[in-house]
Amino acid sequence: MRLVRLLALLAAFQLGAAAARAQDSIKIGADLPMSGPNAEYGELFGAAANLAVEHANADKMLSKKLSIQFEDSQATPQQGVVAMNKLVNVEKVPFVLSAFTGVSKAIAPVGDRAKVVSVNGGGIGPDLAELGEYFWNVIPLVNLEIRVMAPYLVQERGFKKIALVYVDDPAGEAIQKELKDNVPKAGGQMVAELQVPRNAQQFTSIAAKVREAGPDLVFIASFGAQQAQIVKQLRDNGVSQQLASYSAFSSPTVTQLPEAKGALFPTQSVDWAAPGMSARVAKDWKAKTGKEPNAYVANYYNAVMVFVHLAQALEKKGQPITGENLLQQRKANGSFELVGGKMDFLPNGSVSMPIQINEIDGGAGKLVKGGTLAK
Amino acid sequence: MLLLQLLINGLQLGAIYALTAVGFSLIFGATKIFHVAHGAAFTIAAYLFWWTTAVKGWPWPLAAGLAVLAAVVFGLAMERFIYRPIQRHEGAFFTVFIAAFGVQIIVQNLIGTVFGRGFVSVTTPLSRSVEVLPGLFVAPVAALAIVLAVVGFTGLTIYLARTHWGMAMRALSENPDLIRVFGLDPGRVAQYAFAIGSAIVVPGAIFTAMTAGLNPAVGAHVMLISLAATIVGGIGSLRGAAYGGLLLGLAENLALWRLDPQWSEAVTFVVLFLFIIFRPAGFFGRPHAAK
Amino acid sequence: MWAYFINLAVLISINAILAVTLNFILGYAGIFSIAHALFFGVGAYTATFVAMKFGAGFLTATAAGMLLAALISLALALPALRVRGEYFVAASLGLQMLAVTIFTEWKSVTGGIGGLTNIPPARLFGFAVTQPEHFLLLSLLALGLIVLVIRALVRSSFGRSLKAIRDDETAAWAYGKNVAIIKTTAVVVSSALAAVAGSLYAFYLSFINVESFVLDTSIQLMAMVIIGGTATLLGPLIGTVLILLLPAALSYLPYLPVTEIGSIQQIVYGLAMVLLMIYRPGGLWGFQDAPPSSKSGTA
């Protein structure tokens, strides 16, 4: 009898604690790589998201404090699913930040079944637009980037012969496909297409093959540590041609690399000097990290702000903040003023934003062509 | 010309693999310990070198010296605190393997926590290659790597053949008791093997920091190749490990002449597998390697 | 909360199948293979292929996986078992790395790194297993059956021959045991049963890609067996539970800095491996049979 009473007390205490926890803050989740070789992305995205949370709380945008529950995906699908399950079933968040194409594809069914919204701000594979109603993207997917880059490189800059070094994964392959389609259309020619495995670290011989092909420009489609290694080793081994890549080059690992100086890469159009949200984020980010913010910072800041705006609208209507309601609210009004300007959600949950082209100059990048919408 | 370039690249890479493989083979040959944490010595040395030169701005000889010291201390600590206690308990061969692997994981993550998980490298003009012939690029650091590998290996061979400790190391693998008979302590000989074997990875670590760059997983990769090289060359033969490393470095690069890049790593392991099936003793291994 | 536990339980039971089957060759036969994850992968990819291309049900898909895994394991066993232990590790290592490259490159079948998505739910006798609770029943049933099979084998004369071979191969051979056939059979059985885990995994996650079948996975499985306790039936189960629960347990500790949690998990895991190997090499549950020793192995 005493045992039963004790157990009942414990149960009540647990429920009470859970209820208390639920009362004092609004929680969203983040399924990002906190460890492993891609942890630098997790740190970057997490810090940007946290900045948004700070601003939201400072401005008292929601009725309660907002907080993020971070779980480690290690950038692998299996871990991502385990982390997602914890976020969905234990923390019961209505909204999760995601990254990496492979992880996103694995967690999308989980979110779909549980009616929890997942938002990607880093992965760019085009199949990320096909992951169901509850999977949204705040980053323009790579097909849009290439459709702007290819004509610029070939027609405006005159780089007719292009050699491609691309990583063996969906993002790399999507870029290869887009280049193969768009470069000839712009009047150029793909002289080499060299695919490298994801964990390759030696590129001296790839450099030799690139030299053999005699290109005007070398396009690199990789990410993380590998893309920096490719740049460095190409330069070390006699490849002096112009370099270009997709938005992954906005990672500090590359922008700070001396050998990457002069490389061209696209990102969403973000005018960090625009007064209001953009300038505030740029200022606070610089104060916190000592570095200039990049497009990834904008994306994950925006992802959180999308939640905040939608949640604000729901609170005004007196509706609970659930994944289902968030989706309905987004469908009703999918236009937001965010860092980088106005962002409109397309019906499939992805966004089309103007793309700008930057050049690496040792700092945050020099703008060489202002925002253009992909055709 | 592409073929010649690939050959040179293969030699450069092979030199690094050879050095690390020789270290592993020395340790395994002398002590019969499958020191899978050898890659961790590589990682530690490489990161310390990078940190002291690129971040702290120390002069190179000092940084290299620190790297050697760190690698040696690591090897000795592994022997003293991990392997010796295990072997005291009649440890199974593979108990050692798992323990070493555990250490590998710990080191990889500690390095990631302390130095960051991104890609780092030491910027130096030495890694920029020079066009020695039209279409043939060789970096000074590559030439240095090959020279150092040859020098290091020759030095080691002389040491093992001529000095007391060296001969004792060779004897240790055959017959530990005989060493005691001659008044030497097998434990001490093992320590020497670990110290030298770990120190010899440092040139490879430094070159990798300057050319390919580092991330915390770099040691694990080098370790795999060293293991393959040791087997291909023949367990118990240092010459074999060196040639094995060279062969694998060459294979990895020459494969690019005809195959797509994603198969170059597979080539290494196909070579390994074929050797094990058809010639388990490797190039120069002892006859009792197979059954 | 319940759903979270069910999810964890399913993953534990799938990994337990892998650990138990690995233990069969590692603990009982002394065959050290780092290629177990590849058979896991073969089972998963084959089952998926058969289910998606031909609409096969769970049993057919799993059987196809088992068959292919068995055939491939023959390729590993026949030549490699001629050599000594440490060489077999290296041969299995070579095969594992080769398999990863093939899994990554054979995109029409495996989807490469992008993997295969939208795998249809498992169909068993016309009933589609979509609820996690039902799936848990299925995977526990599979685990139970496999444990019974292994138990029966271990206690039979086949099992005794295996242990004899593990302890002293020359003596067993002198006693008239056909060492090669026995070892090969053990490898084939172990690999075929591992494929079952692959099939379960594919149907459960509805998504598979090569990242689940890499060298790290093989090493983790080996750790589960060795930490839990080799040559026992309960050991691998204990090892599986511990290793899989560790990250989950650590994530509940409140004072760990978020960015370092992953590293700390791995460090704890590594530390556990090291300490156990020093102080309790038989594994946590290993006091029945002594682990194989490199010296003349009598317990």
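The values are calculated or read from the model by the stated rules, or taken from the named source; none is laboratory data. Note that the structure is predicted; figures quoted are calculated from it, not measured. With ideal geometry, Cβ positions are generated from the backbone for all residues, glycine too; neighbour counts draw on all protein chains shown. Just so you know, the surface numbers come from the protein's heavy atoms only, side chains and all, with ligands and any DNA or RNA stripped out. Shrake-Rupley method; radii C 1.70, N 1.55, O 1.52, S 1.80 Å.
Across region A:48-107, which residue is nearest to the chain's Cα centre (by Cα) among those that are basic (Lys, Arg) and facing chain C (nearest Cβ under 10 Å)? Spell out how you get there, then give the answer.
From region A:48-107, those basic (Lys, Arg) are A:60, A:64-65, A:86, A:92, A:105; that's our starting set.
Applying the additional criterion that residues be facing chain C (nearest Cβ under 10 Å) yields A:86, A:92, A:105.
On the way: A:Lys86: 22, A:Lys92: 23, A:Lys105: 14 Å.
The residue in question is A:Lys105.
Contact list please: Cβ distance under 6 Å, first residue in region B:262-285 and more than 7 Å from chain C (Cβ to nearest Cβ) and in a helix (DSSP H, G or I), second residue open to solvent by 20 Å² or more (accessible area, probe 1.4 Å) and among the acidic types (Asp, Glu), pairs at least six apart or on different chains.
Close Cβ pairs satisfying both conditions: B:Ser264/B:Glu252; B:Thr268/B:Glu252.
Which one is surrounded by the most Cβ atoms within 10 Å (Cβ to Cβ), of the residues in region A:357-375 that are in contact with a Pro (Cβ under 7 Å, 6 or more places away or on another chain), assigned to a strand (DSSP E or B) and at pLDDT below 90?
Here the answer is A:Gly371.
Give region A:114-145 a look and list any residue that's assigned to a helix (DSSP H, G or I), hydrophobic (A, V, I, L, M, F, W, C) and open to solvent by 10 Å² or more (accessible area, probe 1.4 Å), or say none.
Here is the first cut: in region A:114-145, the ones assigned to a helix (DSSP H, G or I) are A:114, A:126-130, A:142-145.
Of the ones still in play, those that are also hydrophobic (A, V, I, L, M, F, W, C) are A:114, A:128-129, A:142, A:144.
A:Ala114, A:Ala129, A:Leu144 - these are the residues of region A:114-145 that are assigned to a helix (DSSP H, G or I), hydrophobic (A, V, I, L, M, F, W, C) and open to solvent by 10 Å² or more (accessible area, probe 1.4 Å).
Sort through A:Ala114, A:Ala129, A:Ala171 and tell me the only one that's closer than 30 Å to B:Ala217 by Cβ and of a type in the set (A, V, I, L, M, F, W, C). Before the answer, list the steps.
Values: A:Ala114 fails: closer than 30 Å to B:Ala217 by Cβ; A:Ala129 fails: closer than 30 Å to B:Ala217 by Cβ.
Result of the check over A:Ala114, A:Ala129, A:Ala171: A:Ala171.
(1) open to solvent by less than 60 Å² (accessible area, probe 1.4 Å); (2) at pLDDT below 90: which one isn't true of A:Glu337, the others all being true?
(1)
Evaluate the following for B:Ser173: is it closer than 22 Å to B:Gly240 by Cβ and at pLDDT 85 or above? Don't jump to the end; show me each part of the working.
Working: closer than 22 Å to B:Gly240 by Cβ: yes; at pLDDT 85 or above: no.
The answer is no for B:Ser173.
Within region B:253-277, how many residues turn out to be of a type in the set (Asp, Glu) and surrounded by fewer than 20 Cβ atoms within 10 Å (Cβ to Cβ)?
Taking region B:253-277 first, the residues of a type in the set (Asp, Glu) are B:260, B:265.
From what's left, surrounded by fewer than 20 Cβ atoms within 10 Å (Cβ to Cβ): B:260.
Within region B:253-277, residues that are of a type in the set (Asp, Glu) and surrounded by fewer than 20 Cβ atoms within 10 Å (Cβ to Cβ) number 1.
Answer with yes or no whether C:Lys163 is of a type in the set (Lys, Arg), within 27 Å of C:Glu86 (Cα to Cα), open to solvent by 40 Å² or more (accessible area, probe 1.4 Å) and part of a helix (DSSP H, G or I).
Yes, satisfied.
This table checks each residue for (1) open to solvent by 50 Å² or more (accessible area, probe 1.4 Å); (2) farther than 16 Å from B:Trp50 by Cα; (3) assigned to a helix (DSSP H, G or I).
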{"position": "B:Thr95", "(1), (2), (3)": "no, yes, yes"}
{"position": "B:Ile98", "(1), (2), (3)": "no, yes, yes"}
{"position": "B:Phe101", "(1), (2), (3)": "no, yes, yes"}
{"position": "B:Gln104", "(1), (2), (3)": "no, yes, yes"}
{"position": "B:Asn109", "(1), (2), (3)": "no, yes, yes"}
{"position": "B:Gly112", "(1), (2), (3)": "no, no, yes"}
{"position": "B:Arg117", "(1), (2), (3)": "no, no, no"}
{"position": "B:Val122", "(1), (2), (3)": "no, no, no"}
{"position": "B:Glu131", "(1), (2), (3)": "yes, yes, no"}
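Can you tell me which of (1) touching a Phe, Trp or Tyr at 6+ places or on another chain (Cβ under 6 Å); (2) within 9 Å of another protein chain (Cβ to nearest Cβ); (3) open to solvent by less than 10 Å² (accessible area, probe 1.4 Å) is the one B:Gly233 doesn't meet?
The failed condition is (2).
I'd like the full set of residues that are part of a helix (DSSP H, G or I) and open to solvent by 10 Å² or more (accessible area, probe 1.4 Å), limited to region A:296-320.
Passing the criteria: A:Tyr296, A:His309, A:Gln312, A:Ala313, A:Glu315, A:Lys316, A:Lys317.
Looking only at region A:178-193, filter to residues that are assigned to a strand (DSSP E or B) and open to solvent by 20 Å² or more (accessible area, probe 1.4 Å); which one of those is nearest to B:Pro261 (Cα to Cα)?
A:Glu193
Does B:Ser226 meet the test of being of a type outside the set (Val, Ile, Thr) and within 12 Å of another protein chain (Cβ to nearest Cβ)?
Yes: the conditions hold for B:Ser226.
Is it true that C:Leu140 is more than 20 Å from C:His36 (Cα to Cα), at pLDDT 85 or above and in contact with a helix residue (DSSP H, G or I) (Cβ under 6 Å, 6 or more places away or on another chain)?
Values: more than 20 Å from C:His36 (Cα to Cα): yes; at pLDDT 85 or above: yes; in contact with a helix residue (DSSP H, G or I) (Cβ under 6 Å, 6 or more places away or on another chain): yes.
It is true that C:Leu140 is more than 20 Å from C:His36 (Cα to Cα), at pLDDT 85 or above and in contact with a helix residue (DSSP H, G or I) (Cβ under 6 Å, 6 or more places away or on another chain).
Scan region C:188-200 residue by residue and report those that are surrounded by 24 or more Cβ atoms within 10 Å (Cβ to Cβ) and more than 12 Å from the chain's Cα centre (by Cα).
Result: C:Ser199, C:Leu200.
Check off (1) surrounded by fewer than 24 Cβ atoms within 10 Å (Cβ to Cβ); (2) outside the structural domain of A:Ala303 (by TED's automatic domain parsing) for A:Ser278 and give me the number that stays unchecked.
Checking A:Ser278 against (1) surrounded by fewer than 24 Cβ atoms within 10 Å (Cβ to Cβ); (2) outside the structural domain of A:Ala303 (by TED's automatic domain parsing), the one that fails is (2).
Being out of contact with any Phe, Trp or Tyr (no Cβ under 6 Å at 6 or more places or on another chain) and within 30 Å of B:Phe94 (Cα to Cα) is the filter here; which residues of region C:41-58 pass it? Talk me through it step by step, then tell me what you get.
Our first condition is that a residue be out of contact with any Phe, Trp or Tyr (no Cβ under 6 Å at 6 or more places or on another chain); within region C:41-58, this holds for C:42-43, C:45-58.
Result: C:Val42, C:Gly43.
Is it the case that A:Gly111 is among the small types (Gly, Ala, Ser), assigned to a helix (DSSP H, G or I) and crowded, with 24+ Cβ neighbours inside 10 Å?
Values: among the small types (Gly, Ala, Ser): yes; assigned to a helix (DSSP H, G or I): yes; crowded, with 24+ Cβ neighbours inside 10 Å: yes.
Answer is yes for this residue.
Can B:Ser121 be described as under 20 Å from B:Ile44 (Cβ atoms) and of a type in the set (Ser, Thr, Tyr)? Before you say what the answer is, go through the steps one by one.
Working: under 20 Å from B:Ile44 (Cβ atoms): yes; of a type in the set (Ser, Thr, Tyr): yes.
The answer is yes for B:Ser121.
Which one is most open to solvent (accessible area, probe 1.4 Å) among residues in region C:97-143 that are more than 9 Å from every other protein chain (Cβ to nearest Cβ) and of a type in the set (D, E, K, R)?
This residue is C:Arg123.
B:Gly187 - would you say it is open to solvent by 10 Å² or more (accessible area, probe 1.4 Å), away from chain C (no Cβ under 11 Å) and outside any loop (DSSP other than H, G, I, E, B)?
Working: open to solvent by 10 Å² or more (accessible area, probe 1.4 Å): yes; away from chain C (no Cβ under 11 Å): yes; outside any loop (DSSP other than H, G, I, E, B): yes.
So B:Gly187 passes the test.
List every residue pair whose Cβ atoms lie under 7 Å apart, where the two residues are 6 or more positions apart in sequence or sit on different chains, the first residue falls within region C:175-192 and is over 20 Å from C:Phe39 (Cα atoms), and the second residue, located anywhere, is open to solvent by 40 Å² or more (accessible area, probe 1.4 Å).
Note: pairs meeting the criteria are C:Lys177/C:Ala164; C:Val179/C:Glu169; C:Val179/C:Trp173.
With respect to B:Ala242, is the statement that it is within 10 Å of another protein chain (Cβ to nearest Cβ) and part of a helix (DSSP H, G or I) true?
Details: within 10 Å of another protein chain (Cβ to nearest Cβ): no; part of a helix (DSSP H, G or I): yes.
For B:Ala242, the condition - within 10 Å of another protein chain (Cβ to nearest Cβ) and part of a helix (DSSP H, G or I) - is not met.
Sort out which residues of region B:50-80 are closer than 27 Å to B:Gly187 by Cβ and either without any contact (Cβ under 8 Å) to a residue 12 or more places away in the chain or loosely packed, with under 15 Cβ neighbours inside 10 Å (or both), and write them in order of number. Break it down into steps so the answer makes sense when it comes.
Taking region B:50-80 and keeping what is closer than 27 Å to B:Gly187 by Cβ, we get B:65-80.
Within region B:50-80, B:Gly65, B:Leu69, B:Val73, B:Ala77, B:Arg80 meet the criteria.
Open to solvent by 20 Å² or more (accessible area, probe 1.4 Å), in a helix (DSSP H, G or I) and modelled with pLDDT of 80 or more - does that describe any residue in region C:256-264? Walk me through how you get there before you give the answer.
Going through region C:256-264, the residues open to solvent by 20 Å² or more (accessible area, probe 1.4 Å) turn out to be C:256-261, C:264.
Next, from what is left, pick out any that are in a helix (DSSP H, G or I): C:258-261, C:264.
Keeping just the survivors that are modelled with pLDDT of 80 or more gives none.
No - not one qualifying residue is present in region C:256-264.
Kindly check whether there is at least one residue in region B:102-122 that is under 28 Å from B:Ala63 (Cα atoms) and of a type in the set (Lys, Arg).
Yes, because at least one residue in region B:102-122 is under 28 Å from B:Ala63 (Cα atoms) and of a type in the set (Lys, Arg).
Just checking, does region A:109-121 include any residue being among the hydrophobic types (A, V, I, L, M, F, W, C), within 10 Å of chain C (Cβ to nearest Cβ) and in contact (Cβ under 8 Å) with a residue 40 or more places away in the chain?
Of the residues in region A:109-121, the ones among the hydrophobic types (A, V, I, L, M, F, W, C) are A:110, A:114, A:116-117, A:119.
If we keep only those that are within 10 Å of chain C (Cβ to nearest Cβ) too, we end up with A:110, A:114.
Filter again for in contact (Cβ under 8 Å) with a residue 40 or more places away in the chain, leaving A:114.
Yes, region A:109-121 contains a residue that is among the hydrophobic types (A, V, I, L, M, F, W, C), within 10 Å of chain C (Cβ to nearest Cβ) and in contact (Cβ under 8 Å) with a residue 40 or more places away in the chain.
If you check every pair at least six apart or on different chains, which have Cβ atoms under 8 Å apart with a residue in region C:12-36 that is without any contact (Cβ under 8 Å) to a residue 40 or more places away in the chain and polar (S, T, N, Q) first and a residue that is part of a helix (DSSP H, G or I) and surrounded by fewer than 24 Cβ atoms within 10 Å (Cβ to Cβ) second?
That search, which allows pairs on different chains as well, returns nothing.
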